[in-house]
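Contents: one structure, followed by commentary.
The values are calculated or read from the model by the stated rules, or taken from the named source; none is laboratory data. Bear in mind the structure is a predicted one, so any value in this text is a computation, not a measurement. Don't worry about glycine lacking a Cβ; one is built from the backbone with ideal geometry, like all the others, and counts go over all protein chains shown. The area values use the complete protein model at the heavy-atom level, side chains included, leaving out ligands, DNA and RNA. Shrake-Rupley method; radii C 1.70, N 1.55, O 1.52, S 1.80 Å.
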Amino acid sequence: MILFALRRLLGFAATLLVAALVIFWLLDLLPGDPAQFILGINATPESVARLRMQMGLDAPAHERFLGWIWGMLQGDFGVSYTQRAPVAELIWGRLGVTLPLSVLAMVISIVVGLPLGILAARRRGKLLDTAIMVTAQTGVAIPNFWFGMLLTLVFAVGLRWLPPGGFTPWNEDGWASLRGLILPSLALALPQASILARVMRTALVDVTGQDYIRTARAKGLTMGEAVWRHGVRNALLPVLTILGLQFAYLVAGTIIVENVFYLPGLGRLIFTAISERDLILVRGATIILIVAVTATMLLTDITYALVDPRLRERSTP
Amino acid sequence: MSLLEVSGLSVRFGDTEVVSDVSFSLQRGERFGIIGESGSGKTLTALAVTGLLPEGAVMTGSISLDGAPLPQQERAMARLRGKRVGMVFQEPMTALNPLMRVNDQIEESIRLNETHGATQIEVPYLLKEVGLELKHGDRFPHQLSGGQRQRVMIAMALASRPDILIADEPTSALDLITQRKVLDLIADICARRQMALLFISHDLKAVGALCNRVAVMHRGRLVETGRAATTFSAPQQAYTQKLVAASRFDVRPLSRPPIGNTLLEVNGVTRDYRQGGMLFWADKPLRAVNEVSFSIASAECLALVGPSGCGKTTLAKIIVGLDKATSGTVRLAGTEYRGSDLPKALRRDVSLVFQDPFGSFNPRLSIADSVAEPLRLEPGLSQETIQARLVEAVEAVGLDAGMLTRYPHEFSGGQRQRLAIARALVTRPKLVVLDEPVSALDVSVRGEVLALLARLQADFGLTYLIISHDLDMVRAMADRVLVMDAGRIVEEGKPEQIFAEPQHRLTRDLMAARLPDVGIVASTTPDRHPRA
Amino acid sequence: MKRLLSHPSLVIGLSATLVFLVVGIVSLIWTPYPIEQIDIPRRFLAPSAAHWLGTDNLGRDMMSLVMAGTWTSFLVAAVAVAIGVGVGVPLGLAAAAWGGPVEWLVLRLTDFVFAFPAVIVAILITTLLGPSAINAIVAIGVFNIPVFARVARGGALGVATLDFVAAGRLAGLGNALIAWRHLLPNIMSLIIVQGTIQMSLGILAEAGLSYIGLGTQPPETSLGLMLRDAQGVFLIHPWLTLVPGISIVLIVIALNIAGDGLRDAIDPRLRQGNPNVLA
């Protein structure tokens, strides 16, 4: 098991390193002279030279790359040229919105999606099953940001239960901050919950046909008891894989939904950075997103191995 | 009063009736066998008895246990079957919950069927009864062999001290030696516990060895029921006669060309497989084939026998050029090669017939396209020549040339195996390697295919290398036998000699594990021999 | 074919998809009004005989915009699927046919690309080249590559263990021919099913990317871009968000139903969940 985790950790580090290399190549080498690129063609040669100095662009590419990596390992992501602040601080401030939003959305989609999936599987072929599956089919097809707009119309404008947008910082009024995240997280959770419900139902139905369920019934259990005691845990395995992928994409999906609710999250930071051509900020923000995605997949893999004894031993004979 | 009474049982899916009007009874302590080929409805009959029919199956007729009809209510039925009936299924690989330790799975069976006042059965006792050690209980199913998993299944079946044990093909996924051990275990336990047995199998010998009364099932109906000894020695129905005949592999001796000079020589062939591990700390390689040397003379029929995993299939793959030896060489007609480097010009001289007739044809290609594929090894053939060769090959295996334009799904297993043989012959090879050529076929067609192989060998002077675990088939076909164990050849000789005086431990075990032929001597319980 | 048409959900899904596709194609030669025609005095009109779906905040005809936007959505998603199939399927087949280091490389590559959700790729490209519809196509296409590579490899591995592949090797076929003659025809159905799923995911992803300004740019239009344009006024004029939003939902549902139907028609055992590409 330790060897397995170690192996995955190594793969995780390798993925990040290659990802960093790709990002560095795209944002540092491809534009030719990043300083010129950032300042645009109308910049004076003096200001370009000053920025080059400031960004350390005179050093050879490999030194710059290693310097960047080494800096990040120590928590130094460079200084944003446009905002004149350390990138790490800027990102850290925005993660306070993006991360709670993703976690909240994930929790909602699990709490709603899994029970509905189980319910549909147990009532297979009945009216309830059809109703849940039609809802899920629709839920998968609704773009989360558009659903966010609908939610705003109903709950903020129509019923006035919740704020239509904006965000109160956590240290001012924690309750108000949470209220500000409810509609965005619901918007993010809808498609995810629909997918989870569908996957859970399929997995349970598949498990129902397995030989070990027949064995459990032969022991004296009814179908329902056998599925509950032996099926659900087995059915959760494919669900777990999906969960990992989903969280990864939720983190990225928040970028879009933040737009609807004018939330000061990572997404808005990135859009400002793009429009101002702040390569250093874009570089830092994308690598953070990729770390989040990759780390989630790593965690999924390890959890999977903890649940499934067959996987645990594949690397420790 | 019978323990189990089944009368007028029918099972249908929609409009198709798969079990029709089946009636039989089972007395206390009796061992009753149902024989049938795949699709005969025998498994559904067993599932009906235990109320485990799949969704969509509609059952009519009556089943009663101790004179009382089976309860309609699901929970009552579940508890009744847990309490009174133990079941062992065919697939030991998938029948256990992969995420639960063996101890917990057996424990669950015990707890579910506890009766107040009765002395408690404990897991260690059951493990011991089925011949497992205590340490096996702490393992997960995937850490056990097929035979061990089947023992776990039996332990779970015994946990409630049932009156009836239903075993549905419990050994057909196991190798010969393990099969015999599990059959003996079932016989032992039934005798010790005075438990009735309902044994379901396609294997006449297994049924003959275990049961005192048998029924033969064909297309959903019981065609014959009677005492095992009399049914097998004097079968009344044509279908039963056919089954009994097919179980014996009587291949008529044909006049064959004399055995000639050495055709193929295998010299010190070894095959290592790299096992998992990472780049730097690779594990010790697995040695599948270990320093094997032998030769085959032209027009000879050589058999390579051994348990599953002994390396015989790997060796066959090296000879036909699908795998590559780590060291050692194969020499064919003066040319040396190590496996996949077999030169194209020589590939047409060796061919392979696969075990599974269903996987050996690409469903998207017509039979003609598939059978003509090996002719790529003879470049420059005209369309007419190719067509002529196809017709020749297909007619040689007793099929009609009109079948060439059809697609694989239109053919039965036996026909496909004939077509696979036609494909192997289309390049007019010298050596044909037959990997378990009949073991995936229904019993009743095995004899036909073997007779065809024997005739083709006589007609074309072919050299055969038969890979098999089936000793009776080997005895019927082979001129010489090699016994393989753990990658090595451990014994060699004429079949009569090996059958009469096996030398090596494995060969002796294999001989001992053979089940007695049916119908020749009255079969009773198998003779006891110590469990390994 | 007859067997396929006996699945009602497949027929319904396919016909609905076709209707939208035809609407999109028609927009290439005819729309009620030119989509770039801005007419401020005629803005925010309710649906009428002249403007079936009303007009937007710039006085453009909504019907014309939806028609053209539908075409953009289909085009972006289809090209992205083509990229995914064109690169991913050969990679997956190569992994299955060659095995060993090739397979290792393909697997690592797919793992790696999975770490780049479409949004991140779009962010990187937009930073470099500025926003355009091409960004969305590339970003979604890149995401599709590992999806198809995995599906192709998984399917091909299942086929590769069958004896007819070994028979092909015995007949002297090389890896490339094995992949072409024996593996590809037997995984085509899997790829078609995955293709419809990725189509619907691609349409959702295009909408998301255009909505945040990383995709289609004016004067072109797409359903996502329409939502972006409506963003500032949707609290007062919700109609402007309802029309493109509902169009997206209907197209995606049609594609999903067609995909489910296709999967059932081809192989009922193929059911599986699919991660959402939208992010």
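Of the candidates B:S439, B:S444, B:S468, the single residue that is of a type in the set (S, T, N, Q), surrounded by 19 or more Cβ atoms within 10 Å (Cβ to Cβ) and under 21 Å from the mean Cα position of the chain (by Cα) is B:S468. Cβ contacts < 9 Å: first residue at the interface with chain A (Cβ under 7 Å from one of its Cβ atoms) and under 16 Å from B:Q143 (Cα atoms), restricted to region B:87-98; second residue open to solvent by less than 20 Å² (accessible area, probe 1.4 Å) and part of a strand (DSSP E or B), any location; separation 6+ or different chain. Result? Qualifying pairs under 9 Å: B:A95/B:V88. Residue count for region A:203-254 under the criterion of being without any contact (Cβ under 8 Å) to a residue 12 or more places away in the chain and polar (S, T, N, Q): the result is 2.
I'd like to know if region A:230-247 contains one or more residues that are touching a His at 6+ places or on another chain (Cβ under 9 Å), within 14 Å of chain B (Cβ to nearest Cβ), farther than 27 Å from C:D260 by Cα and open to solvent by less than 40 Å² (accessible area, probe 1.4 Å). No, region A:230-247 contains no residue that is touching a His at 6+ places or on another chain (Cβ under 9 Å), within 14 Å of chain B (Cβ to nearest Cβ), farther than 27 Å from C:D260 by Cα and open to solvent by less than 40 Å² (accessible area, probe 1.4 Å). Among the residues here, B:A458 qualifies as open to solvent by less than 30 Å² (accessible area, probe 1.4 Å), in contact (Cβ under 8 Å) with a residue 60 or more places away in the chain and over 25 Å from the mean Cα position of the chain (by Cα).
Spot the failing condition for A:R277; the list is (1) within 17 Å of the chain's Cα centre (by Cα); (2) assigned to a loop (DSSP other than H, G, I, E, B), and only one is missed. Just one mismatch for A:R277, condition (1).
Which residues, taken from region B:312-353, are of a type in the set (G, A, S), over 17 Å from B:V433 (Cα atoms) and at pLDDT below 90? Residues satisfying the conditions are B:G334, B:A345.
So which residues in region A:133-163 are more than 8 Å from chain C (Cβ to nearest Cβ), assigned to a helix (DSSP H, G or I) and open to solvent by 50 Å² or more (accessible area, probe 1.4 Å)? If the condition is that a residue be more than 8 Å from chain C (Cβ to nearest Cβ), assigned to a helix (DSSP H, G or I) and open to solvent by 50 Å² or more (accessible area, probe 1.4 Å), then A:V134, A:T135, A:V154, A:F155, A:G158 are the ones that fit. Of the residues examined, A:G166 is not one that is outside any helix (DSSP H, G or I), surrounded by fewer than 15 Cβ atoms within 10 Å (Cβ to Cβ) and either within 10 Å of another protein chain (Cβ to nearest Cβ) or under 21 Å from the mean Cα position of the chain (by Cα) (or both). The criterion of at least 2 residues that are under 29 Å from A:Y249 (Cα atoms), under 17 Å from the mean Cα position of the chain (by Cα) and not acidic (D, E) is met by the following helices (runs of 4 or more DSSP H) wholly inside region C:156-254: C:184-211, C:223-230. Those helices (runs of 4 or more DSSP H) of region A:1-109 in which at least 2 residues are modelled with pLDDT of 85 or more, considering only elements entirely within it, cover A:2-24, A:61-73.
Against the conditions (1) within 14 Å of chain A (Cβ to nearest Cβ); (2) at pLDDT below 90, B:S145 satisfies every one except (1). For region B:112-143, residues that are under 25 Å from the mean Cα position of the chain (by Cα), within 30 Å of B:K42 (Cβ to Cβ) and surrounded by fewer than 19 Cβ atoms within 10 Å (Cβ to Cβ) total 1.
When region B:378-397 is filtered for residues that are at pLDDT below 90 and either part of a helix (DSSP H, G or I) or out of contact with any Ser or Thr (no Cβ under 7 Å at 6 or more places or on another chain) (or both), the ones remaining, listed by number, are B:P379, B:G380, B:L381.
Cβ separations smaller than 6 Å between residues 6+ apart or across chains give the following pairs from region A:50-62 residues that are within 14 Å of A:Q36 (Cβ to Cβ) and open to solvent by 60 Å² or more (accessible area, probe 1.4 Å) to residues that are of a type in the set (G, A, S) and part of a helix (DSSP H, G or I): A:R52/A:A35. Exactly one residue out of B:A486, B:A478 is open to solvent by less than 40 Å² (accessible area, probe 1.4 Å) and either under 30 Å from B:T240 (Cβ atoms) or at pLDDT below 90 (or both): that is B:A478. Taking the criterion of being within 20 Å of C:A166 (Cα to Cα) and either of a type in the set (D, E, K, R) or facing another protein chain (nearest Cβ under 10 Å) (or both), would at least one residue in region B:384-392 satisfy it? The answer is no; no qualifying residue exists. Taken over region C:26-47, the residue count meeting the criterion of being open to solvent by 80 Å² or more (accessible area, probe 1.4 Å) and over 12 Å from C:D61 (Cβ atoms) is 5. Look at (1) at positive phi; (2) buried (at least 20 other Cβ atoms within 10 Å of the Cβ) and you find that B:G56 fails only one, number (2).
Criterion applied to A:V227, A:V307, A:V291 was being open to solvent by 10 Å² or more (accessible area, probe 1.4 Å) and within 11 Å of chain B (Cβ to nearest Cβ), and the one residue passing it is A:V307.
Rundown of residues vs (1) within 14 Å of another protein chain (Cβ to nearest Cβ); (2) at pLDDT 90 or above; (3) under 20 Å from the mean Cα position of the chain (by Cα); (4) surrounded by fewer than 21 Cβ atoms within 10 Å (Cβ to Cβ), yes/no style:
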site	(1), (2), (3), (4)
B:V216	no, yes, yes, no
B:V223	no, yes, no, yes
B:R252	no, no, no, yes
B:P285	yes, no, no, yes
B:E291	no, yes, no, yes
B:A299	no, yes, no, no
B:A303	no, yes, yes, no
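Determine whether region B:59-68 contains at least one residue that is away from chain A (no Cβ under 14 Å), surrounded by fewer than 20 Cβ atoms within 10 Å (Cβ to Cβ), free of Cβ contacts under 8 Å to residues at least 40 places away in the same chain and not polar (S, T, N, Q). Within region B:59-68 (the criterion being away from chain A (no Cβ under 14 Å), surrounded by fewer than 20 Cβ atoms within 10 Å (Cβ to Cβ), free of Cβ contacts under 8 Å to residues at least 40 places away in the same chain and not polar (S, T, N, Q)), the answer is yes, since at least one residue qualifies. Do we find a residue being over 22 Å from C:T241 (Cα atoms), in contact (Cβ under 8 Å) with a residue 24 or more places away in the chain and charged (D, E, K, R) anywhere in region A:169-185? No, the conditions are met nowhere in region A:169-185. Of everything in region A:11-24 that is surrounded by fewer than 13 Cβ atoms within 10 Å (Cβ to Cβ) and within 12 Å of chain C (Cβ to nearest Cβ), the residue that is nearest to A:A61 (Cα to Cα) is A:L21. Of the listed requirements (1) of a type outside the set (D, E, K, R); (2) open to solvent by 50 Å² or more (accessible area, probe 1.4 Å); (3) within 14 Å of chain A (Cβ to nearest Cβ), C:F112 misses just one: (2). When region A:256-270 is filtered for residues that are at the interface with chain C (Cβ under 7 Å from one of its Cβ atoms) and either open to solvent by 10 Å² or more (accessible area, probe 1.4 Å) or within 14 Å of A:L90 (Cβ to Cβ) (or both), the ones remaining, listed by number, are A:N259, A:I270. Scanning region A:186-238 for residues that are closer than 29 Å to A:V140 by Cα, small (G, A, S) and part of a helix (DSSP H, G or I) yields A:A187, A:A189, A:A193, A:S194, A:A197, A:A203, A:G224, A:G231, A:A235.
For C:G99, only one of the following conditions fails: (1) within 21 Å of C:M199 (Cα to Cα); (2) open to solvent by less than 30 Å² (accessible area, probe 1.4 Å); (3) within 14 Å of another protein chain (Cβ to nearest Cβ). What is its number? Tallying (1) within 21 Å of C:M199 (Cα to Cα); (2) open to solvent by less than 30 Å² (accessible area, probe 1.4 Å); (3) within 14 Å of another protein chain (Cβ to nearest Cβ), C:G99 fails exactly one: (1).
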